[in-house]
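Colleague: Structure in structure tokens, see below.
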Amino acid sequence: MPFAELQWKQRPVRLEYQWVGAARSEYPVVVFLHEGLGSVAMWKDFPERFCAEYGFRGLVFSRYGYGESTPRPRAETVPLDYLREQAHEALPALLAQLRIDRPWLFGHSDGASIALLYASRFPRDTGGIVAMAPHIFVEEITLDGIRRARAAWLATDLRQRLARYHLDAESVFRGWNDTWLDPAFRGWNIEAELPAIRCPALLVQGEDDEYGTLEQLYGIRRKVPHAEVLALEDCGHAPHRDQPDLLGKCAARFIKERSP
């Protein structure tokens, strides 16, 4: 798998990435942004199947510290503003290096929040977004889910299962879990930035999402009136796993109808 070489925090890092789907496409590149414990491998085959079936060229990558990308040193803490940092600095650097112009951002959970933040900061450089289970503020249901994840980390084989997908699973889990459960993170909120979004936006969430309520989508819709909401029945926090066919059909139609 190829790696992109970037300067991050005054040192070189490598980000693993993978091209999927069509070798060429009449539509903009679809860039997949993974969730808080995700990576290229943890998307499984959804990006490849989605792009191949609907004629898109897709890019999947692991953020710094995740998957096969350069691990985060144990002593390096994750900043409370890490999602803005990824959207405003890391993602633009990667897109520039790979020469990707005006992509569609297909994000899940943390990745969906990154997509929203990127689209608000760089409205002219964003073709559109598909935001699955995004977070725009902190809910108690989210914190409850993250507390359950911590309990599972300590008492089950979650550590071993995550190690299949990350060079340093301990760093990945602690960076995500400790940050979200930090009392100072409770006030994290990106609602004020959302009105700057000008691109097409499809907001997707499972009605049974164990990490957030539909108020996340409705909150975005209040700030971005042109956004479209898709609430999926029989679906939890990961629509691409629980309802992949329906999600793929709806997302592909949305992208094609709103791409030049």
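A short reminder: the numbers here are calculations on the coordinates, not readings from a lab. The structure presented is a predicted model; accordingly, all values stated were derived computationally and were not measured. Every residue, glycine as well, gets a Cβ built from its backbone with ideal geometry; the counts of neighbours run over all protein chains shown.
Colleague: Taking +1 at the Cβ of each Lys and Arg and -1 at the Cβ of each Asp and Glu, which of P92, A252, I114 sits farthest along the dipole of the chain towards its positive end, judged by Cα position relative to the Cα centre?
Modeller: Value: P92.
Colleague: Run the simple label-point estimate for E76 and H88 please: 7 Å along Cα→C-beta, distance reported in nm.
Modeller: With each label point 7 Å from Cα toward Cβ, the separation is 1.9 nm.
Colleague: May I ask you to sort L181, L230 by Cβ crowding, counting other Cβ atoms within 10 Å and putting the fewest first?
Modeller: On the way: L181 14, L230 18.
Starting with the residue having the fewest Cβ neighbours, the order is L181, L230.
Colleague: So which trypsin sites (Lys or Arg not before Pro) in segment 9-59 pass both tests, a DSSP loop state and at most 13 other Cβ atoms within 10 Å of the Cβ?
Modeller: Working: sites: K9, R14, R24, K44, R49, R57; in loops: K9, R24, K44.
Those that pass, being in a loop and sparsely packed, are K9, R24, K44.
Colleague: Further question: Please identify every one of the GluC sites (Glu not before Pro) in segment 1-36 that sits in a loop by DSSP and has no more than 11 other beta carbons within 10 Å of its own beta carbon. Display every interim value, and only then the final one.
Modeller: On the way: sites: E5, E16, E26, E35; in loops: E26, E35.
Of the GluC sites (Glu not before Pro), the ones in loops of segment 1-36 whose Cβ has at most 11 other Cβ atoms within 10 Å are E26.
Colleague: Per residue of segment 149-161, in order, report the coupling 6.51 cos²θ - 1.76 cosθ + 1.60 (Karplus, θ = phi - 60°) as ³J(HN,Hα) in whole Hz, putting x for Gly and Pro.
Modeller: 4, 5, 4, 5, 4, 7, 10, 10, 8, 4, 4, 5, 5
Colleague: Report the residues of segment 77-118 in range of a label on W19: point 7 Å along Cα→C-beta, backbone N strictly under 12 Å from it.
Modeller: The answer is 98-100.
Colleague: Could you list the trypsin sites (Lys or Arg not before Pro) in segment 143-204 that lie in coil according to DSSP, counting only those with at most 15 other Cβ atoms within 10 Å of their Cβ?
Modeller: On the way: sites: R147, R148, R150, R159, R161, R164, R174, R186, R198; in loops: R164, R198.
Answer in residue order: R164, R198.
Colleague: Enumerate the residues in segment 180-207 having an amide nitrogen under 16 Å from the point lying 7 Å beyond the Cα of D125 toward its Cβ.
Modeller: Those under the cut-off are 197-199.
Colleague: Students often forget the sequence filter, so: which lysines lie under 30 Å Cα-Cα from K256 once same-chain residues fewer than 8 apart are removed?
Modeller: Output for K256: K44, K223.
Colleague: Quick check on the chain: helices-only [θ] at 222 nm, where DSSP H runs of length 4 and up contribute -39,500 (n - 2.57) each and the sum goes over total residues. Nearest 500, please. All intermediate terms of the calculation are to be shown ahead of the outcome.
Modeller: Details: 10 runs with 94 residues, N = 260.
Computed ellipticity for the chain at 222 nm equals -10500 deg cm²/dmol.
Colleague: Rounded to the nearest 5, what % of the DSSP beta bridges within the chain are antiparallel ones?
Modeller: 35
Colleague: Post the alpha-carbon centroid distance, segment 217-235 to segment 173-191, in whole angstrom.
Modeller: 23
Colleague: Shifting gears a bit: Treating the beta-carbon of each Lys and Arg as +1 and of each Asp and Glu as -1, no other charges, what is the dipole magnitude of the chain about its Cα centre, to the nearest 20 debye? Spell out each step's value before the answer.
Modeller: Values: 32 positive and 36 negative charges, 157 e Å.
Dipole magnitude for the chain comes out near 760 debye.
Colleague: Next question. If you take the square roots of the eigenvalues of the alpha-carbon gyration tensor of segment 3-257 and sort them as a ≥ b ≥ c, do you get rounded (a/c under 1.5), prolate (a/b over b/c) or oblate? The partial results should precede the final answer.
Modeller: Values: a/c = 1.33, a/b = 1.14, b/c = 1.17.
Rounded, because the longest to shortest axis ratio a/c is under 1.5.
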